[in-house]
Amino acid sequence: MADPRGFLSYRRADSPKRSKTERTHDWREVYRDLSAEEQLAQTREQATRCMDCGIPFCHSGSAGCPLGNLIPEWNDLVRRGDWSQASDRLHATNNFPEFTGRLCPAPCEAACVLALTPAAGGAVTIKRVEQSIADVAWERDLVVSQSPGLATGRRVAVVGSGPAGLAAAQQLTRAGHEVTVFERDDRLGGLLRYGIPEFKMEKSVLDRRLEQLRAEGTRFVTSCEVGGSRPGDLPVQRLRAEFDAVVLAVGALAGRDAPELPGRELTGVHLAMDHLVPANRECEGDGPTTISAAGKHVVIIGGGDTAADCYGTAIRQGAASVSQLDQYPRPPDDPDFDVSPWPTWPWILRTYPVHEEAGERRFEVAVERFIGDENGHVRAVALRHVRVEKDRETGRREVIPISDEVTELPCDLGLLAIGFTGVEDMPLLDGLGLVRTRSGSLGCGPDWQTESPGVFVCGDAHRGASLVVWAIAEGRAVAHAVDAHLTGASQLPSPVHPTALPLVAP
Ligand SMILES: Cc1cc2nc3c(=O)[nH]c(=O)nc-3n(C[C@H](O)[C@H](O)[C@H](O)COP(=O)(O)OP(=O)(O)OC[C@H]3O[C@@H](n4cnc5c(N)ncnc54)[C@H](O)[C@@H]3O)c2cc1C
Ligand code: SF4
């Protein structure tokens, strides 16, 4: 039985970070390495704050965790010091808790009943407890390979090795199918590898999990574009002939551009991923990045994870200044329950650790144009104050200038982090006879099957650019659907339906 008064005994305490000076001079994760005793004691206190609510909104699915993580159960196991059972209960619903423990924005914490009482310290630090359980489990060798079930003799191809593809592959291998993951990049992991920087999740965390998948029997083929025609690629005819089912986990990697923005063509103006991918490659030992922020005035357009990752990367590369521009108003620091009532995802200012390090964020501003020098290199951006208005009928947003004043901000490196438009154009789609929806994603029926029989879809490719936790949830759900398709019925869990959406205020 949990301690119903634990939250009155202990204050919420997030994971302590390393000093700004220390962490901005290396690429390691921003959080402090705690001694084993400190980690166990602090996590135990935080887990003790959980009341084991009668209706635990934290794991409800729609408002809380899409994976249905059994949060009050493992909080109580940690409180009692039973880390082994806690790891079992955590892994029962989540293939990769060490990824979500580090990366998830934690809708579970927004939905925690204690989020309603900031005066009592606010939500349980669910994400911190999750990461600790996962890390302790790895340290104590509690994460072991699971032998697959009885071999079914059925072969499944998973296209794409991001979190969605990896979750689907692990579930299907464990169900006894012969699974091969095809990845066109030279290394595995999708955005976990070449999008998300080391300072948010060190790649060794990904590599040790990949070793577990290999040991369980999942096969991996890298530098192989499915549907491509270069040497080493897998043509669609072979894909169809050699596999009984196909899972498309190809992501939504088409970056949104702004070709109409004057000066976009100047040297030094790039899409965010053009900056992040080579920076991640440099950390992997592939040699210096082609787009470094060293000594430059960096201007990042856009909000969200991608913009914050460019921000932290630019600081670590030694930028002279970093500015992040957002056309929307600055959100409040605390939730306004009239605007976004609990337990919906609150509209608040999302401050990432990198924003505390250096640089500035500006709100309600838009770039009118990039200004070039005599060599065609960007040297500044012209900014205007704006207001964004939403048309009630069409839902379209219009950016309206609210002042005649135009200011200049120095800029030697301009980065567009303004989102993704969906699945990239690739020969695989034509080969399978698939057409993207208006939002750029790949549609499916209630069983995750696309219009091409035996071809299933999950993750960002289906949902549009989203989150790691949704990718894992969809990967698990698609595995259930593929298993049922191949064998007639499935015992695998299916945490989300293809139409599931996070609970947000209208
Ligand atoms: C910069 C950045 C930072 C982010 N930070 C966070 C964060 O902090 N927290 C969070 O929850 N989410 C974050 N996200 C979102 C998260 O990374 C994605 O939602 C998640 O990775 C989607 O997983 P996925 O498996 O669907 O696709 P992806 O991770 O995009 O993987 C798709 C893979 O498919 C491969 N592929 C595509 N076509 C083919 C083909 N024809 N043949 C073979 N392989 C193919 C691609 O090379 C890629 O490796 C971030 C996203 C970005 C861009
Ligand atoms: S809502 Fe918060 S306090 Fe209640 S069970 Fe979940 S984590 Fe514990």
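So which residues in the range 221-253 are of a type in the set (S, T, N, Q) and more than 14 Å from Gly190 (Cβ to Cβ), if there are any at all?
Across the range 221-253, the qualifying residues are Ser223, Ser229, Gln237.
Being hydroxyl-bearing (Ser, Thr, Tyr), surrounded by 19 or more Cβ atoms within 10 Å (Cβ to Cβ), within 16 Å of ligand 2 (Cβ to nearest atom) and not in a loop (DSSP other than H, G, I, E, B) is the requirement here; does Thr93 meet it?
Answer is no for this residue.
Considering only the range 392-419, how many residues are outside any strand (DSSP E or B), among the hydrophobic types (A, V, I, L, M, F, W, C) and under 18 Å from Ala258 (Cα atoms)?
Total meeting the criteria: 3.
Conditions (1) in contact with a Phe, Trp or Tyr (Cβ under 6 Å, 6 or more places away or on another chain); (2) free of Cβ contacts under 8 Å to residues at least 12 places away in the same chain; (3) outside the structural domain of Arg28 (by TED's automatic domain parsing), marked per residue:
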site: Ser147; (1), (2), (3): no, no, yes
site: Ala175; (1), (2), (3): no, no, yes
site: Gly195; (1), (2), (3): no, no, yes
site: Phe199; (1), (2), (3): yes, no, yes
site: Val205; (1), (2), (3): no, no, yes
site: Arg208; (1), (2), (3): no, no, yes
site: Ser223; (1), (2), (3): no, no, yes
site: Gly232; (1), (2), (3): no, yes, yes
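Please go through the range 435-457 and pick out each residue that is within 22 Å of Ala169 (Cα to Cα) and either of a type outside the set (Gly, Ala, Ser) or part of a strand (DSSP E or B) (or both).
Leu442, Cys444, Pro446, Asp447, Trp448, Gln449, Thr450, Glu451, Pro453, Val455, Phe456, Val457
Take residues that are modelled with pLDDT of 95 or more, buried (at least 20 other Cβ atoms within 10 Å of the Cβ) and in contact with a Cys (Cβ under 6 Å, 6 or more places away or on another chain) and tell me which of the strands (runs of 3 or more DSSP E) falling wholly in the range 303-391 contain 3 or more.
So the answer is 378-390.
Of the residues Val221, Val159, Val136, which single one is crowded, with 24+ Cβ neighbours inside 10 Å and touching a Leu at 6+ places or on another chain (Cβ under 9 Å)?
Just one listed residue meets the conditions, Val159.
Name the strands (runs of 3 or more DSSP E) wholly within the range 158-253 that hold at least 1 residues that are hydroxyl-bearing (Ser, Thr, Tyr)?
So the answer is 178-182.
Residues are listed down the side, and each one gets a yes or a no for (1) under 24 Å from the mean Cα position of the chain (by Cα); (2) more than 17 Å from Cys112 (Cα to Cα):
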residue: Arg23; (1), (2): yes, yes
residue: Arg28; (1), (2): yes, yes
residue: Leu34; (1), (2): no, yes
residue: Asn75; (1), (2): yes, no
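Considering only residues of the range 1-17 that are part of a loop (DSSP other than H, G, I, E, B) and among the charged types (D, E, K, R), which is nearest to ligand 1 (Cβ to nearest atom)?
Filtering first and then ranking leaves Asp14.
In this structure, does Val156 turn out to be away from ligand 2 (no atom under 16 Å from the Cβ) and closer than 21 Å to Glu474 by Cα?
In short, yes.
Keeping to the range 37-62, report how many residues are farther than 21 Å from Arg11 by Cα and more than 10 Å from ligand 2 (Cβ to nearest atom).
Adding up the residues that qualify gives 2.
Kindly check whether there is at least one residue in the range 108-123 that is closer than 18 Å to Tyr352 by Cβ, away from ligand 2 (no atom under 14 Å from the Cβ) and either surrounded by fewer than 19 Cβ atoms within 10 Å (Cβ to Cβ) or under 22 Å from the mean Cα position of the chain (by Cα) (or both).
So far as the range 108-123 goes, no, none of its residues is closer than 18 Å to Tyr352 by Cβ, away from ligand 2 (no atom under 14 Å from the Cβ) and either surrounded by fewer than 19 Cβ atoms within 10 Å (Cβ to Cβ) or under 22 Å from the mean Cα position of the chain (by Cα) (or both).
Could you tell me which residue of the range 463-506 is farthest from ligand 1 (Cβ to nearest atom), considering only residues that are in a loop (DSSP other than H, G, I, E, B) and under 14 Å from the mean Cα position of the chain (by Cα)?
Gly464
The values are calculated or read from the model by the stated rules, or taken from the named source; none is laboratory data. From a predicted model like this one, the values you see are computed outputs, not experimental measurements. Here the Cβ is made from the backbone with ideal geometry for all residues, glycine too, and neighbour counts use every protein chain on show.
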